[in-house]
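The values are calculated or read from the model by the stated rules, or taken from the named source; none is laboratory data. Bear in mind the structure is a predicted one, so any value in this text is a computation, not a measurement. Glycine also receives a Cβ, built like all others from the backbone with ideal geometry; neighbour counts cover every protein chain displayed.
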Amino acid sequence: MKKVFILFYVAFLGLVSCTDDPDPVTIDPTKPTGVLNVMRSGSFVDQNNSGSKGTAGIGTDTQGKEFLQFNQAFNTKFSTGTVTVFLSTSATFMASPSTGSPNLFPIGPVRAAGENFFAIPEGTSTAKYTHVILWCGAVGIPFGNAQLQ
């Protein structure tokens, strides 16, 4: 009888202790952790009839990591190919291959309308950049810019 009880007890503990874990939490380094505290933001100004709209903002998450964020209302023309996001010291895209384009900082492509996050590489200072530029390299024209204030 004692063996049956011990066997039952071990089986019971096995069932209780082996419950399914809840869904694992995946940390996505391209998205902020916690709340994004936006320090500077601005609304996109449409250029070249690309339909650019929405707002851009730069801020830090609860871990101190810096991000560029486009809000839910963000949209632009995606039919021409890749639209690349740049931080800039002006509203004008001024590429200067001979000097390494010191007035531009490439963030990366944006591929979808709506909320987007772009992680700013650690050690990068965004203080000098006053604008976000949407650049369509396929046709070599700006699709919009937002002044960060």
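Summed over the stretch 21-76, residues that are modelled with pLDDT under 95 and closer than 27 Å to GLY137 by Cα total 3. In the stretch 127-147, the residues that are farther than 22 Å from PHE67 by Cβ reach residues that are among the hydroxyl-bearing types (Ser, Thr, Tyr) and part of a strand (DSSP E or B) with C-beta atoms within less than 8 angstrom, at least six apart or across chains, in these pairs: CYS136/THR84; GLY137/THR84. Would you check if there is a residue in the stretch 89-112 being small (Gly, Ala, Ser) and within 16 Å of VAL45 (Cβ to Cβ)? Checked against the condition, which is being small (Gly, Ala, Ser) and within 16 Å of VAL45 (Cβ to Cβ), the stretch 89-112 yields at least one hit. Of everything in the stretch 39-49 that is hydrophobic (A, V, I, L, M, F, W, C) and surrounded by fewer than 17 Cβ atoms within 10 Å (Cβ to Cβ), the residue that is farthest from ALA127 (Cα to Cα) is VAL45.
Quick one: in the stretch 92-149, of everything that is assigned to a strand (DSSP E or B) and among the β-branched types (Val, Ile, Thr), which residue is surrounded by the fewest Cβ atoms within 10 Å (Cβ to Cβ)? Here the residue is ILE141.
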